[in-house]
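This report concerns only the one structure given below.
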Amino acid sequence: MRQGSIALTIAGSDSGGGAGIQADLKAFSALGSYGASVITAVTAQNTCAVTAVHEIPSDVVAAQIDAVLSDLPVRAIKLGMLFSPAIIAVVAEALKNFDGPVVLDPVMIAKSGDALLQDEAVAALVAKLLPQAHLLTPNLPEAARILGTSDASSKTEMLTQARALLALGPRAVLLKGGHGTGDVCSDLLLTDGADPIWLEAPRQDTKNTHGTGCTYSSAITAGLANGLDLADAVATAHSYLQAAIQASDDLQIGAGHGPVHHFHAVWTAN
């Protein structure tokens, strides 16, 4: 870890450990960045379902952010599950005084299909946080929900939607193709004025993909905290995530969609 490489995640807690704050901190650590956290919601969650969500009061969220940023030299921030307009408002206000990169993962639906963002919070997310994001990282359904359209089903449609998302204010968009079809999974990185960058990998045959979005965005955040430029941070995170998915069946966690293996490069076989 480089001295001073601190990343902050502002997101919800996953009691099953596969997504949310837990996945973020694991990815930060695996990629050499010290992780701090602000919890926005507590979920009762495992590999099969989300059975309860408790929203943290917005003043407590604000106090957590202030406690971290007033003491720790945070170099990059990842935003995950924000849940409500009230939480989005306090996060947006706090970010006005932060001059590092912000990665916004617009978490809306859990792998189990349970809602993690209130319907009325989508407009607040678009209005208040997209203009502050250095990178927006939606999957295909999240992009469609933000834009009020159907999921992109081709590279041409992905490029059109990425351009529409870019017009909403973020400096860059990473549109993830994990929910697509076909033997190859294609992600698109688009920055205003630059050529599109496609990151592709064979689609892996595993049900253990819980927390992939959280892991991807937090891995990018760790790279940015470590001083990588955006394209290198995304490429490094993409490679890390693909390896974590490939090793996920080694974990055998839970009866549903298990987590990816965040520490695949560190843990040794028994």
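Of all beta bridges DSSP finds with both residues in segment 1-131, what is the antiparallel percent, to the nearest 5?
Of all bridge pairs located within segment 1-131, approximately 25 percent are antiparallel.
Using unit Cβ charges (K, R positive; D, E negative) and no other charged atoms, how large, in debye to the nearest 20, is the dipole of the chain about its Cα centre?
That gives the chain a dipole magnitude of about 180 debye.
Under 24 Å Cα to Cα from K78, which lysines show up? Leave out anything in the same chain fewer than 8 places away.
K26, K96, K111, K128, K176
With each pseudo-label sitting 7 Å past Cα toward Cβ, what's the E120-T206 distance in nm, one decimal?
4.0 nm
Is segment 9-108 rounded, prolate or oblate when judged by the Cα gyration tensor, a ≥ b ≥ c being the square roots of its eigenvalues, rounded requiring a/c under 1.5 and prolate requiring a/b larger than b/c?
oblate
At 1.4 Å probe radius, can you tell me the per residue accessible area of segment 140-188 in Å²?
Accessible surface, normalised per residue, equals 47 Å².
About its Cα centre, how strong a charge dipole does segment 1-94 have in debye, to the nearest 20, once Lys and Arg get +1 and Asp and Glu get -1 at the Cβ?
Magnitude of the dipole: close to 400 debye.
HN-Hα J couplings of segment 222-227 from phi, Karplus 6.51/-1.76/1.60, θ = phi - 60°, integer Hz, Gly and Pro as x?
4, x, 5, 5, 7, x
Tell me whether segment 116-267 comes out rounded, prolate or oblate; compute the Cα gyration tensor, take square roots of the eigenvalues as a ≥ b ≥ c, and use a/c under 1.5 as the rounded threshold.
prolate
Suppose we keep just the DSSP beta bridges with both residues in segment 88-207; what percent of those would be antiparallel, to 5?
75 percent
Reachable aspartates and glutamates from K155, Cα under 15 Å, same-chain residues fewer than 8 places away excluded?
The reachable aspartates and glutamates, counting only those whose Cα sits under 15 Å from K155, are D183, D187, D195, E200.
With both bridge residues required to lie in the chain, what share of the DSSP beta bridges run antiparallel, to the nearest 5%?
Close to 45 percent.
What FRET efficiency would be calculated for the residue pair S154, A194, taking the C-beta separation as r and a Förster radius of 22 Å, to the nearest 0.05?
About 0.55, to the nearest 0.05.
Not counting ligands, DNA or RNA, and with a 1.4 Å probe, what is D195's accessible surface area in Å² rounded to the nearest 10?
About 130 Å², ignoring ligands and nucleic acids.
Please find the FRET efficiency linking H54 to T268, where r is the Cβ-Cβ separation and R0 is fixed at 35 Å, and quote it to the nearest 0.05.
Using R0 = 35 Å, I get an efficiency of 0.40.
Relative to the Cα centre, what is the charge dipole magnitude of segment 61-215, using +1 at the beta carbon of each Lys and Arg, -1 at the beta carbon of each Asp and Glu, and rounding to the nearest 20 debye?
Here the size comes out at about 60 debye.
Residue-wise, which Karplus ³J(HN,Hα) couplings in Hz belong to segment 201-211, taking 6.51 cos²θ - 1.76 cosθ + 1.60, θ = phi - 60°, and x for glycine or proline?
Couplings: 7, x, 6, 8, 8, 8, 8, 8, 10, 5, x Hz.
Please find, in a Gaussian network model of the chain (springs between Cα atoms separated by less than 10 Å), the residue of G35, G18, G182 whose mean-square fluctuation is greatest.
The residue with the greatest mean-square fluctuation here is G182.
The values are calculated or read from the model by the stated rules, or taken from the named source; none is laboratory data. Being a predicted model, the structure only gives us computed values, none of them experimental. Counting neighbours? That spans all protein chains shown, and the Cβs are built from the backbone with ideal geometry, glycine included. What goes into the accessible areas is simple: the full protein's heavy atoms, side chains included, and nothing from ligands, DNA or RNA. Shrake-Rupley method; radii C 1.70, N 1.55, O 1.52, S 1.80 Å.
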